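This report refers to the structure that appears directly beneath it.
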Amino acid sequence: MADAKVIPFDDDRSRSGSASRPARRRTGAGSGGGRGDGSTAPVSALPGGRLPESPSEGAERAQDPQQPQEEAVGGVGAPADAGGGWDRRIAGGLAFLRRRVTGDYEVDEFGYDKELTDQVLMSALRPLADKYFRVEVKGIENIPSDGGALIVANHSGTLPLDGLMLQVAVHDNHPAERHLRLLAADLVFHLPVVNELARKAGHTLACAEDAQRLLELGEIVGVMPEGFKGIGKPFGDRYKLQRFGRGGFVSTALRAGAPIVPCSIVGAEEIYPMIGNAKTLARLLGFPYFPITPTFPWLGPLGAVPLPTKWTIQFGEPIPTDGYPPEAAEDPMLMFNLTDQVREQIQHTLYKLLVQRRSVFF
């Protein structure tokens, strides 16, 4: 198998899933039905049919947009290439499989595979976001249409499904269909299979160097500063933000001059209500915690199915950082103040969304 080609991340080329095919049109075939004296023989309509238009009538019909159009094939209002949709899908799928088998696809310097993400990973996650969790997105206009930006969100849910739903929400709701590049913990890249999928989906290690590089390349970067403290907190502490660390994300945004967009996620806390933590088992497995919920591990694999809660994701007004001098990234007091401002804005929005919520499931 040929090796995947690595291209610079700031290359704005994109690969389409399959080559576009021109729309096929069926036109009536002319026949030599003229008379020997040069005149045209009269044409009679078939039963239930209609006479073909003369060239002058066709031109008048094309110039009049109010006049109803009829299709030459399939009757009135039927698309001329009604059967071509499935043909194109099958051809596109076969072309996609050929590229995966032969290695004729592109990844960036971080391992991000745009084609696989768009056509496979997003398609697999989209039903979960749209039908199961029924994610409602607010304030998407606060994410810039171009240039880098750092989205800072709360983290919860025992398993990191909130990061994946956030990725789908940004791509599917933003007018520019921007891709969110999530910063993930090192544990993600130590797990088999998960490691490869995370890289392909655009996730990268949560370190300042990678985050700054992505921001400078004009990417939307997502970070959840609570880390395992947020995702593994007891159910009794739901929607209470944990400590945001030392403010490293603020320093990264300052160096890149990228705005910080606070994000509040409601609904993820209840998908796996964590009522206990088997710490001994967690240490044996090398996990930061081992959750015990009302259904897991008591119901076995069935207990791993998340509850179908109703989600709301709201993006707040961006906090600009391009007005600070370069040395501001080394100012601990400024980083503390900005970190506290982001945290307070997320917490305030969480409380506001909880008051507005009618039910956990509706």
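Counting only residues that are touching a residue at least 40 places away in the same chain (Cβ under 8 Å) and β-branched (Val, Ile, Thr), segment 292-311 holds 2 of them. Taken over segment 217-255, the criterion of being under 20 Å from residue 207 (Cα atoms), of a type in the set (Phe, Trp, Tyr) and surrounded by fewer than 19 Cβ atoms within 10 Å (Cβ to Cβ) is satisfied by 228 alone.
Residues that are in contact with a helix residue (DSSP H, G or I) (Cβ under 8 Å, 6 or more places away or on another chain), under 27 Å from residue 107 (Cβ atoms) and of a type outside the set (Val, Ile, Thr): list the helices (runs of 4 or more DSSP H) wholly contained in segment 136-253 that include at least 1 such residues. It would help to see each step written out before you state the result.
Numbers: elements: 161-173, 194-200, 208-216, 228-231.
Fully inside segment 136-253 and qualifying: 161-173, 194-200, 208-216.
With respect to the conditions (1) in contact with a Ser or Thr (Cβ under 6 Å, 6 or more places away or on another chain); (2) over 22 Å from residue 169 (Cα atoms), residue 349 falls short on a single one, namely (2). Considering segment 324-339 alone, what residues qualify as being outside any helix (DSSP H, G or I) and either touching a residue at least 60 places away in the same chain (Cβ under 8 Å) or open to solvent by 70 Å² or more (accessible area, probe 1.4 Å) (or both)? Listed by number, the list holds a single entry, 324. Of the residues making up segment 292-303, those that are open to solvent by 20 Å² or more (accessible area, probe 1.4 Å) and assigned to a loop (DSSP other than H, G, I, E, B) are 294, 295, 296, 297, 298, 299.
Does residue 129 meet the test of being modelled with pLDDT under 85, open to solvent by less than 50 Å² (accessible area, probe 1.4 Å) and in a helix (DSSP H, G or I)? The answer is no for residue 129.
Restricting attention to segment 326-352, the residues being aliphatic (A, V, I, L, M) and over 21 Å from residue 238 (Cα atoms) number 6. Against the list (1) open to solvent by less than 50 Å² (accessible area, probe 1.4 Å); (2) in a helix (DSSP H, G or I), the condition residue 306 fails is (2). The set of residues in segment 188-216 that are surrounded by fewer than 18 Cβ atoms within 10 Å (Cβ to Cβ) and among the hydrophobic types (A, V, I, L, M, F, W, C) comprises 189, 191, 193, 194, 197, 205, 207, 208. All told, residue 99 falls short of being among the basic types (Lys, Arg), closer than 14 Å to residue 222 by Cβ and open to solvent by less than 30 Å² (accessible area, probe 1.4 Å). The set of residues from segment 254-268 being farther than 26 Å from residue 357 by Cα, of a type outside the set (D, E, K, R) and in a helix (DSSP H, G or I) comprises 254, 256.
The values are calculated or read from the model by the stated rules, or taken from the named source; none is laboratory data. Being a predicted model, the structure only gives us computed values, none of them experimental. Note that each Cβ is placed from the backbone with ideal geometry, even for glycine, and that neighbours are counted across all protein chains shown. Note: accessible area is taken over every heavy atom of the protein model, side chains too, but ligands, DNA and RNA are not part of it. Shrake-Rupley method; radii C 1.70, N 1.55, O 1.52, S 1.80 Å.
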